[in-house]
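This report refers to the structure that appears directly beneath it.
The values are calculated or read from the model by the stated rules, or taken from the named source; none is laboratory data. Remember, it's a predicted structure, so these values are computed and weren't measured experimentally. With ideal geometry, Cβ positions are generated from the backbone for all residues, glycine too; neighbour counts draw on all protein chains shown.
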């Protein structure tokens, strides 16, 4: 039993923290304000290997582990929630399923370019009528010779438009329900595949969230990920891993709001003393700090389970549930501590509060996490 | 292939040091250790020469076993070889004994260029680099803020000075001390970090280096600390925003008031 990061993880934390402070933080307010995808940051991250952290060197990755990956999302999100989710969606939802479920040919073809950041990745499961009920897929894939013809649409797709590689789920046999869902690797530029309207969002406004449209889009059979009919299982397992990423994002946003509030509480004087000297501040902050630390332990424990090859589905769900709700609570209280200033865009806590909300919703709402956890308890 | 050795030092991050308000002493507990900023500038200079001219870069440090972490950092940044000089016989060294130990190790290595930081943030002496050059009897250029290489044997160095800068040419083998502001150090790559811990950090004791042991550690350190104290705080000065003629008058009257003139 060991709660300390090992030396590799510590050195990595030092690097990613410095990178986040110097390269990511200065852009956070601007990309939020302008709802601009930070292409320049993605290029810098690609150069350093941040887009392929938990991938073996043989496939062009950095050869790191999921703890390091989680630390990366945490530290990036600590200063910019948008940057955190770009890396998380790319890695957890596109790179990892190709690594875990792809054929050797698919791995060789896609992973090196994805890890080097020449290509960015995305994942398309959600549809207008298939949200939490992801099994109700209406996107259809019909075989035709060596190809499948895709028709339908996906919504709320992170990295859409900037990604070159998409993991897309579609019904190949409606008669057998979830066992009729298949996963496909779809490349940008495939005829019949287009990116639809961009969503205007409350938070993570620098990330691209769009609709994907498939109109008689022909995908070669060699681009089926896993087995025909095995898509739903791939989606669920992929989301288990994704939840470690989003839990790390929630944790990072919470830590960022703590950092800002601690600094502000020491500086801000009312009634002749720093507001950090008031017991109300101290007790509330002590509680929030405890919850953030508890989130971190849950997140690291889930990541460690994944690294050691143990089942981690419920652990990832608990980490995401707790970290997301903590993030929402911490950021809301951070705004309150900042008073009127906290409500303005002069201070980053209002952005953090807007960014935190999505962590309770995407890659499984808090309610879905409870379903997953309960299923584990009562199995 | 050009061979470069970079001397680096682990120092407490002085930005993170707080002062105990009661005793006036430095609180060292919990202060993170970092690679000295000027040394990092030297390492970056070596690595950019490696990028352009395919040089081989060795990093060397003298310090306790924990100094391993800055050598791992250097390996993650792109250094090829790392050496840790560590031995009880080195303990208590002042700048002279330190430079003897490092020069003794350098005599066991091959190099065309030795880079060091200008000075360490925990001592600010700027003596170790020049002393090494003297022990090795090679030319030195201090305070480098830029360096170019002709691809053969000549380095052109822009040396910072109080009046401005000088452009100097120096032929290898030479030692150059570098400022942190000479460049923007790169970040470690993720792969570099992972691989840094699979590489070897060579541990060298006093027996591995070419030096008379009398010159090492406390024995070899002529520096005697007479007294260490914290500077007393002074009251804030008075600020006048006035025309220069009036200012002269104020200054003279203040000097007279204090019987200075």
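Residue-wise test of (1) under 16 Å from residue A:190 (Cα atoms); (2) touching a strand residue (DSSP E or B) at 6+ places or on another chain (Cβ under 8 Å); (3) at pLDDT 95 or above; (4) not in a strand (DSSP E or B).
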{"residue": "A:106", "(1), (2), (3), (4)": "no, yes, yes, yes"}
{"residue": "A:114", "(1), (2), (3), (4)": "no, yes, yes, yes"}
{"residue": "A:118", "(1), (2), (3), (4)": "no, no, yes, yes"}
{"residue": "A:132", "(1), (2), (3), (4)": "no, no, no, yes"}
{"residue": "A:142", "(1), (2), (3), (4)": "no, yes, yes, no"}
{"residue": "A:152", "(1), (2), (3), (4)": "yes, yes, yes, no"}
Inset, instruction - Starting from region A:343-365, take each residue that is buried (at least 23 other Cβ atoms within 10 Å of the Cβ) and list its partners that are modelled with pLDDT under 95 and not in a helix (DSSP H, G or I), counting only C-beta distances under 8 angstrom and pairs at least six apart or across chains. - result: A:364/A:132
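Would you be able to say whether some residue in region A:29-45 is modelled with pLDDT of 95 or more, under 13 Å from the mean Cα position of the chain (by Cα) and crowded, with 22+ Cβ neighbours inside 10 Å?
If we filter region A:29-45 for residues that are modelled with pLDDT of 95 or more, which is where we start, we get A:29-45.
Of the ones still in play, those that are also under 13 Å from the mean Cα position of the chain (by Cα) are none.
No - not one qualifying residue is present in region A:29-45.
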Inset, instruction - Please go through region B:44-77 and pick out each residue that is in contact with a helix residue (DSSP H, G or I) (Cβ under 9 Å, 6 or more places away or on another chain) and closer than 21 Å to residue A:13 by Cα. - result: B:44, B:68, B:69, B:70, B:71, B:72, B:73, B:74, B:75, B:76, B:77
Inset, instruction - Sort out which residues of region A:195-212 are surrounded by 17 or more Cβ atoms within 10 Å (Cβ to Cβ) and not in a loop (DSSP other than H, G, I, E, B), and write them in order of number. - result: A:195, A:209, A:210, A:211, A:212
Inset, instruction - Determine if region B:172-179 includes at least one residue that is closer than 26 Å to residue A:11 by Cβ, within 14 Å of another protein chain (Cβ to nearest Cβ) and surrounded by 13 or more Cβ atoms within 10 Å (Cβ to Cβ). - result: no
Legend entry - Hits in region B:156-174 - residues which are in a strand (DSSP E or B), more than 20 Å from the chain's Cα centre (by Cα), in contact (Cβ under 8 Å) with a residue 24 or more places away in the chain and closer than 20 Å to residue B:117 by Cβ: B:168, B:170
Legend entry - Conditions (1) in a helix (DSSP H, G or I); (2) within 14 Å of another protein chain (Cβ to nearest Cβ); number of the one not met by residue B:214: (2)
Inset, instruction - Go through (1) closer than 22 Å to residue A:119 by Cα; (2) without any contact (Cβ under 8 Å) to a residue 40 or more places away in the chain; (3) within 14 Å of chain B (Cβ to nearest Cβ); (4) outside any loop (DSSP other than H, G, I, E, B) one by one and return the number of the condition residue A:63 breaks. - result: (4)
Inset, instruction - Could you check, for region B:219-238, whether at least one of its residues is outside any strand (DSSP E or B), without any contact (Cβ under 8 Å) to a residue 24 or more places away in the chain, within 14 Å of chain A (Cβ to nearest Cβ) and over 29 Å from residue B:99 (Cα atoms)? - result: no
Legend entry - Test: residue in region A:311-330 that is surrounded by fewer than 20 Cβ atoms within 10 Å (Cβ to Cβ), at pLDDT 95 or above and over 29 Å from residue A:155 (Cβ atoms): yes
Inset, instruction - Name the residue, out of B:113, B:109, that is over 22 Å from residue B:194 (Cβ atoms) and surrounded by 18 or more Cβ atoms within 10 Å (Cβ to Cβ). - result: B:113
Inset, instruction - Search region B:241-260 for residues being exposed (fewer than 10 other Cβ atoms within 10 Å of the Cβ) and part of a loop (DSSP other than H, G, I, E, B), and hand back the single one that is modelled with the lowest pLDDT. - result: B:260
Legend entry - Residues (in contact with a helix residue (DSSP H, G or I) (Cβ under 7 Å, 6 or more places away or on another chain), part of a helix (DSSP H, G or I) and under 23 Å from residue A:94 (Cα atoms)) located in region A:357-378: A:359, A:360, A:366, A:369, A:372
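Just to be sure before I move on: is residue B:193 within 14 Å of chain A (Cβ to nearest Cβ) and surrounded by 16 or more Cβ atoms within 10 Å (Cβ to Cβ) in the structure I sent? Full working, then the answer.
Numbers: within 14 Å of chain A (Cβ to nearest Cβ): yes; surrounded by 16 or more Cβ atoms within 10 Å (Cβ to Cβ): yes.
Here the answer is yes, as residue B:193 does meet what is asked.
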